[in-house]
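The values are calculated or read from the model by the stated rules, or taken from the named source; none is laboratory data. Predicted model, so just to flag it, every value in this text is computed and none were measured. Here the Cβ positions follow ideal geometry from the backbone for every residue, glycine too, while neighbour counts run over all protein chains shown. Areas reflect the complete protein model, heavy atoms only, side chains present, ligands, DNA and RNA absent. Shrake-Rupley method; radii C 1.70, N 1.55, O 1.52, S 1.80 Å.
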Amino acid sequence: MDLLDEFPSTEAEFRGRFADEERCRAHLARLKWREGFRCGHCGGKTAYFLPSKRVVYECAGCGRQVSVIAGTIFEQSKKPLVLWFRAIFEVTASKQGISAAELQRKLGLGSYQTAWSWLHKIRTAMVRPNREPLSGEVEIDESYLGGPEAGKPGRGAEDKAIVAAAVEKRGRGCGRVRLGLIADVSARVLIGFVQQHLGGDETAHTDGWRGYAQLGKTGYRHIISVLSKLDQTAAEVLPRVHLVFSLLKRWILGTHQGSVSRKHLAGYLEEFTLMLRIPCGHRFNRRRARRITHGAERLLGIAMATPPRPFWKIVGRPHPQGKARLAVAA
Ligand SMILES: [Zn+2]
């Protein structure tokens, strides 16, 4: 199999290159067998594409058939790969993120449910494990998202989601960001969050909440800023992490009309972290590549290595609608 051609760099080139099933399938095959085809059964190095089966290759040696999308986020999808490629382009090229309704409209999908499940599958691939831990001095805080749903009295704190954030200090600006959905604000959970994202002997900067009190005993340098002065706000003491929270809430309000399902919040947080980009010279995560297709190229590679996530697994039960929605607290 030949080497990967240079990936298209503009939207027009992307559409041109991946305009038909054959080219999309060939691209996935090259990603799947980067070193060339190798039969998992007999070790054979030659395979033929079976045109009648859309995405299936047959080993020339033993006749075993293998789907190019088996074991990937595309597994079992009957929809054209062209649509999947476009969905990945739309999700990764959009600066503000994209809602399921928008994706449905852009792709002309008949069903909202399809757009919704694709979005979640793509987000699964956006989660990149084994990331380097944060380093240097890191601001850490937590914030509540959501609250009691209108018209449903008597629902309290259990409807709120708690999000923890860790933001690297880079001079006066920000470095990398990590967000996590946490169960509560106990010391066990908060210190677990810090240990998950912060290198061993770095510096954690928090407010005076007792959940953080033991951080200094777990190997971190710990800076505690207690809100002692009445005119001092948390945003002044921990400005970077509060900037991230306000941008997160604004993003949920803007892109998702203030309503995201609690169950999928972790995926949204991941997407938000990936696309964070702050004005005024703040730098978040890696700067977005200039090429608008960069995200799609990267995501296609990850998607081919990301196990499938069947719809029932995403929703946990048969129907995705009618779930508790989270409104964003002010
Ligand atoms: Zn074989």
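For the pair Lys106/Ala19, report the inter-label distance in nm, with labels modelled 7 Å from Cα in the Cβ direction.
2.1
If the only charges are +1 at each Lys and Arg Cβ and -1 at each Asp and Glu Cβ, what is the size of the charge dipole of region 27-71 around the Cα centre, to the nearest 20 debye?
Magnitude of the dipole: close to 100 debye.
Would you mind computing, in nm to one decimal, how far apart the modelled labels at Arg291 and Arg188 are, each placed 7 Å from Cα along Cα→Cβ?
The answer from the label model is 4.8 nm.
How much FRET efficiency would the formula 1/(1 + (r/R0)^6) give for Lys53 and Ala305, where r is the Cβ-Cβ distance and R0 is 22 Å, rounded to 0.05?
Given R0 = 22 Å and the Cβ-Cβ separation, E is 0.45.
At 7 Å along the Cα-to-beta-carbon direction for both Arg170 and Glu6, put a label point, then send me their distance in nm to one decimal.
Going from the Arg170 label point to the Glu6 one covers 2.8 nm.
Expressed in nm to one decimal, what extension gain is obtained for the pair Lys95 and Trp209 from 0.36 nm per residue of sequence separation less their Cα-Cα distance?
Roughly 37.6 nm would be gained on extension.
Accessible area per residue of region 1-118 at 1.4 Å probe, in Å²? Numbers along the way, then the final one.
On the way: 6140 Å² over 118 residues.
Per residue, region 1-118 has an accessible area of 52 Å².
Residues with amide H under 5 Å of Gly136's amide H, sequence separation 5 or more or different chain, H placed in the peptide plane at 1.01 Å from N; which?
Correct list: Thr203.
Under 5 Å between amide H atoms, partner at least 5 residues away or on a different chain: which partners does Arg176 have, H built in plane at 1.01 Å?
Those qualifying (amide H under 5 Å, at least 5 residues apart or on another chain) are Glu168, Asn285.
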